[in-house]
Amino acid sequence: MKDKFQKIYIGTNEGITSVVDCLVNSLESSLLLIIPPENKNFQNLITLKLLKREARTLGKNIIIISSNPTLRKLASKLGLRVIDYFQIEEVQPEIFYDKSTEAGKISDIAAPAKRPHLPPSSPLEKEAKEKEGKFKFFERLASKKEEKKEREEEEKEEQPPPIKIPETKSEEQENEKGRKKLAFITSRVFIYVLILVGLGILGFAFFSLPKAKIEVVPKMETVSFDLSISLDKGISEVNLVQKKIPAQLVRIEREAKNSFLSSGKKLKESKARGTITIYNNYSSAPQTLVATTRLISETGKLFRTTSTVNIPGAALTGGKITSSTYDVEVVAAEVGEEYNVGPSTFSIPGFAGTPKYTGFYGKSSQPMTGGFKGEIKFVTADDIKAARSSLEQQLLSLKGEIAGKIPQNLKLIDGASEIKFEEMSSPKAGDEQEKFDMDLRGAASTLVFNEEDVKKIIEENIATKIVTDKEPLPKTQKIVYSIKSINLDAGKAELSVRAEEGITWKIDTEILRKDLVSKSIPEAKEYLSSLVSIDNAKVTLWPFWIKKFPSTPQKIDIEIGL
């Protein structure tokens, strides 16, 4: 048998509390809640959510009947079944059950909602009567169908139906009902407490915490100009009038050495040369040897004296002769390495056939050298140039090294540094040698200065270009340097400086706070847009429902942004 519904009429001013009491006290599991359109208490989601939750907790199946469109829409949104008075035929008639029958004698829990007093024959009164007539019609129809169904069941069953003993409430059911009612009351009290706390917090925020925040961006403009500034290591203070600032000269040195191969080649013919000691063991009289006097070595190599020399006479001691000596420079008669003879004894062929041949002779203690005939290498000018360039490349790293030795508070600009090179040892072009050595010294120098000194001169210059209602923005400053002239030896330089800096309008925050007190947002926007010193502003009021600025300036916070 299908479920039967018990009707519960809800009054115009009745709320969720009385309806839940009806649900708790009702013995039926399916209920029709008839809510008049004038009842405002059920036209919100919170009330309907509470109704749905309590019905689910109590195990009740409820259907809402109302012609109010707002109530129907909210109930449908929550998944509650809802029927309009004019669509009541959608509910199967047999589901209605009037509890005023013989078995129960229980009347409806709540009396029908009171209808507002309407003038005779008004459209609303007619509509109410039509709804009431429809509802009674379906009640009668449901009663007739139920009687018909019972008669059909009696005809099919020959024996009388079994006696159904009415169920009585046990003590456990009564306790369960009490617990449910207690839980409902507890949850309701908890909800009320939450509502009161929330209202208290909102009230405190509304009356005690209203604040306003304004983010203001002032109008800006840029000024730029050129300056000539002098650097001088001989001064210690900034001269704003002459635009001179102190400078420091930084210098580092290092040497680079290396060996290089000669690239020049040529055919060379040279005669061996050396020194021969001439002995006079002949007489005490001196002997003159003219230039080109021949001297022959033991191996038969011919050498000639390079100049005329006088050989002193020998000494006579006790009737004995002591030889005298004299060193002479000789050169080989021909080119070639074969004349590079070692220490040897030489004879003078010009004295051959005379007693002087054995009385005069020569000896060498060192080998003859320089005799050569063939190709040799020599140093060219290009060799020297390439060697110097190679060493200079090694010393160019001094520029980076000198930058690392400059203190952080000093400024090094491009063009203020130089490297000078000095040859410590170097061959000459034409030197006959297969390889040669070169030693080069590099000295890096630079002139540095404190950029804060330059900024002082710039700020002094800007101060003459702005009016009293504006102020400079040093953090926006941009500086470009170039060198007009520099003398590192003297420690002086002339700089060309291109300066650029932002200028902003001054904003008096105290006046701004006082002028914004108690203004609405439109009034504040109109006021802020009228100020020539402000480019744009962003207004934020807290809490969010506040529509006016606080009544005290101290609660208005102003931030100046750039």
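Values quoted throughout were computed directly from the atomic coordinates according to the rules given, and no laboratory measurement underlies them. Just so it is clear, the structure is predicted and the values come from calculations on it, not from any experiment. Backbone-built Cβ (ideal geometry, glycine too); neighbour counts: all protein chains shown.
Out of (1) under 30 Å from L267 (Cα atoms); (2) aliphatic (A, V, I, L, M); (3) in contact with a helix residue (DSSP H, G or I) (Cβ under 7 Å, 6 or more places away or on another chain); (4) surrounded by 17 or more Cβ atoms within 10 Å (Cβ to Cβ), what's the single condition that is false for A444?
Among (1) under 30 Å from L267 (Cα atoms); (2) aliphatic (A, V, I, L, M); (3) in contact with a helix residue (DSSP H, G or I) (Cβ under 7 Å, 6 or more places away or on another chain); (4) surrounded by 17 or more Cβ atoms within 10 Å (Cβ to Cβ), the lone unmet condition for A444 is (1).
Quickly run through segment 270-299 and pick out the residues that are surrounded by fewer than 19 Cβ atoms within 10 Å (Cβ to Cβ), of a type in the set (D, E, K, R) and farther than 26 Å from T322 by Cβ.
R273, R294
What tally of residues in segment 410-451 results from selecting those that are closer than 19 Å to K492 by Cα and assigned to a loop (DSSP other than H, G, I, E, B)?
Filtering segment 410-451 for residues closer than 19 Å to K492 by Cα gives 410-420, 443-451.
With assigned to a loop (DSSP other than H, G, I, E, B) added as a condition, the list becomes 410, 412-416, 450.
Residues that pass the stated criteria total 7.
Of all the residues that make up segment 340-381, how many are over 60 Å from the mean Cα position of the chain (by Cα) and assigned to a helix (DSSP H, G or I)?
Restricting attention to segment 340-381, the residues satisfying the condition of being over 60 Å from the mean Cα position of the chain (by Cα) are 340-378.
Adding the requirement that they be assigned to a helix (DSSP H, G or I) leaves 349-351, 356-359.
The number of residues fulfilling the criteria is 7.
Being within 14 Å of Y279 (Cα to Cα) and touching an Asp or Glu at 6+ places or on another chain (Cβ under 6 Å) narrows it down to one residue among T306, T345, T358; which is it?
Numbers: T306 fails: within 14 Å of Y279 (Cα to Cα); T358 fails: touching an Asp or Glu at 6+ places or on another chain (Cβ under 6 Å).
Of T306, T345, T358, the one residue that is within 14 Å of Y279 (Cα to Cα) and touching an Asp or Glu at 6+ places or on another chain (Cβ under 6 Å) is T345.
Going through segment 43-85 one residue at a time, which ones are within 21 Å of E176 (Cβ to Cβ) and among the polar types (S, T, N, Q)?
Answer for segment 43-85, where residues must be within 21 Å of E176 (Cβ to Cβ) and among the polar types (S, T, N, Q): T57, N61.
Mind checking whether some residue in segment 382-389 is over 37 Å from the mean Cα position of the chain (by Cα), without any contact (Cβ under 8 Å) to a residue 12 or more places away in the chain and either surrounded by fewer than 14 Cβ atoms within 10 Å (Cβ to Cβ) or within 29 Å of V335 (Cα to Cα) (or both)? Walk me through how you get there before you give the answer.
First, the residues of segment 382-389 that are over 37 Å from the mean Cα position of the chain (by Cα): 382-389.
From what is left, the residues that are without any contact (Cβ under 8 Å) to a residue 12 or more places away in the chain are 385, 389.
Subsequent filtering for residues that are either surrounded by fewer than 14 Cβ atoms within 10 Å (Cβ to Cβ) or within 29 Å of V335 (Cα to Cα) (or both) retains 385, 389.
Looking for residues that are over 37 Å from the mean Cα position of the chain (by Cα), without any contact (Cβ under 8 Å) to a residue 12 or more places away in the chain and either surrounded by fewer than 14 Cβ atoms within 10 Å (Cβ to Cβ) or within 29 Å of V335 (Cα to Cα) (or both), one finds at least one in segment 382-389, hence yes.
Just to be sure, is Q248 within 30 Å of S496 (Cβ to Cβ) and exposed (fewer than 14 other Cβ atoms within 10 Å of the Cβ)?
Values: within 30 Å of S496 (Cβ to Cβ): yes; exposed (fewer than 14 other Cβ atoms within 10 Å of the Cβ): no.
When the stated conditions are applied, Q248 does not pass them.
When you check G502 against the structure, is it outside any strand (DSSP E or B) and small (G, A, S), yes or no?
Working: outside any strand (DSSP E or B): no; small (G, A, S): yes.
Against the criterion (outside any strand (DSSP E or B) and small (G, A, S)), G502 does not qualify.
How about segment 214-237: which of its residues are assigned to a loop (DSSP other than H, G, I, E, B) and either closer than 21 Å to E501 by Cα or of a type outside the set (A, V, I, L, M) (or both)? Quick ask: steps written out before the conclusion?
At the first step, the residues of segment 214-237 found to be assigned to a loop (DSSP other than H, G, I, E, B) are 219, 233-237.
Those that are assigned to a loop (DSSP other than H, G, I, E, B) and either closer than 21 Å to E501 by Cα or of a type outside the set (A, V, I, L, M) (or both): K219, K233, G234, S236, E237.
Do we have K492 as surrounded by 15 or more Cβ atoms within 10 Å (Cβ to Cβ) and either under 31 Å from the mean Cα position of the chain (by Cα) or closer than 30 Å to D232 by Cα (or both) here?
Values: surrounded by 15 or more Cβ atoms within 10 Å (Cβ to Cβ): yes; either under 31 Å from the mean Cα position of the chain (by Cα) or closer than 30 Å to D232 by Cα (or both): yes.
For K492, the condition - surrounded by 15 or more Cβ atoms within 10 Å (Cβ to Cβ) and either under 31 Å from the mean Cα position of the chain (by Cα) or closer than 30 Å to D232 by Cα (or both) - is met.
Within segment 325-366, track down each residue that is touching a helix residue (DSSP H, G or I) at 6+ places or on another chain (Cβ under 9 Å), loosely packed, with under 14 Cβ neighbours inside 10 Å and over 14 Å from G300 (Cβ atoms).
Passing the criteria: only T358.
Evaluate segment 250-261: report whether one residue or more is farther than 30 Å from M438 by Cβ and assigned to a strand (DSSP E or B).
Checking segment 250-261: not a single residue is farther than 30 Å from M438 by Cβ and assigned to a strand (DSSP E or B).
Looking only at segment 1-60, how many residues end up being touching a helix residue (DSSP H, G or I) at 6+ places or on another chain (Cβ under 9 Å), in a loop (DSSP other than H, G, I, E, B) and basic (K, R)?
3
Mind counting the residues in segment 300-324 that are of a type in the set (K, R) and surrounded by 13 or more Cβ atoms within 10 Å (Cβ to Cβ)? Let's see the steps before the verdict.
If we filter segment 300-324 for residues that are of a type in the set (K, R), which is where we start, we get 301, 304, 320.
Now restrict to residues that are surrounded by 13 or more Cβ atoms within 10 Å (Cβ to Cβ): 301, 304.
Summing the residues that are of a type in the set (K, R) and surrounded by 13 or more Cβ atoms within 10 Å (Cβ to Cβ) in segment 300-324 gives 2.
Please go through segment 9-30 and give me each residue that is within 22 Å of D84 (Cβ to Cβ) and surrounded by 21 or more Cβ atoms within 10 Å (Cβ to Cβ), ordered by number.
Across segment 9-30, the qualifying residues are I10, V19.
Step by step: first the residues of segment 469-488, then only those that are under 34 Å from the mean Cα position of the chain (by Cα) and among the basic types (K, R), then the one that is farthest from L227 (Cα to Cα). Which residue is that?
Taking segment 469-488 first, the residues under 34 Å from the mean Cα position of the chain (by Cα) are 470-483.
Still in the running and among the basic types (K, R): 470, 475, 478.
Values: K470: 22, K475: 19, K478: 13 Å.
My answer is K470.
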